[in-house]
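Since the structure comes first, as structure tokens, the remarks are kept for the end.
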Amino acid sequence: MLALPEIYPILALRVTAGDLELRGIDDATIPGLVDLVLGGIHEPGEMPFFFPWTEAPREDLPRNTAQHYWRNRAEMTPTAWELELAVRVDGELVGIQSVATRDFAVTRTGETGSWVGTHHHGQGYGTRMRQAFAALCFDHLGFEEITSAAFADNPASQAVSRKVGYRPNGIDRKARRGGTQWQPSQKYVLTPESFVRGEPITVEGLEPVRNYLGLD
């Protein structure tokens, strides 16, 4: 009988950079992510996400969080996928780093996203995990660029993008607060040439992931 990581090899993907680890999200990891979400991942009254999923009633957040990761597994195909990895520092779960793409075999680009629990803010984790993830994308998954975006009132996210070497790439208007207002969103693009690297990474479980995503 095949083990689940053999069926869905994202679960066996492991990227390490010093004491930082990014790993596929199995069911045993989901309760820890729920705890981080319930503990807060941004300050009350702020909304850093284009889709305001953290504004759901608190009693719905555990179910919504688990369903998101299960849905992501079920819907991942070579033509449309979102690679989400749980981030740990010295073994402690701190957040999520991801990239989403469509028609990757042609476009070779994707949009990065991330969040870190509020108890872990201000410790440089956002920069380190983005650097490790960008190295995975460029060096091992064949990306030619990766993009990001952040609302104008989200300086922390924009600071991380600049530290990693992302360049400004235009401004969008995004609806916010239930569509009652709009907010400028700064777009960024990162290429291998502008990438400011962090610690060297090691990658385990890569080849089955490449096959699963149709990269080989």
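The values are calculated or read from the model by the stated rules, or taken from the named source; none is laboratory data. Keep in mind that this is a model prediction, so the values were computed, not measured. For neighbour counting, all protein chains shown are included, and Cβ atoms are generated from backbone atoms with ideal geometry for every residue, glycine included. These area figures cover heavy atoms from the full protein model, side chains too; ligands, DNA and RNA do not enter into them. Shrake-Rupley method; radii C 1.70, N 1.55, O 1.52, S 1.80 Å.
Filtering A135, A100 for residues that are part of a strand (DSSP E or B) and closer than 19 Å to I10 by Cα leaves a single hit, A100. One residue stands out in segment 79-129 among those that are among the polar types (S, T, N, Q) and touching a strand residue (DSSP E or B) at 6+ places or on another chain (Cβ under 6 Å): the one that is farthest from E21 (Cα to Cα), namely T112. Of the numbered criteria (1) open to solvent by less than 30 Å² (accessible area, probe 1.4 Å); (2) in a helix (DSSP H, G or I); (3) not small (G, A, S), the one W70 fails is (1). State whether the residues of segment 9-18 include one that is over 30 Å from K174 (Cβ atoms), open to solvent by 40 Å² or more (accessible area, probe 1.4 Å) and either without any contact (Cβ under 8 Å) to a residue 24 or more places away in the chain or not in a strand (DSSP E or B) (or both). Within segment 9-18, one or more residues are over 30 Å from K174 (Cβ atoms), open to solvent by 40 Å² or more (accessible area, probe 1.4 Å) and either without any contact (Cβ under 8 Å) to a residue 24 or more places away in the chain or not in a strand (DSSP E or B) (or both).
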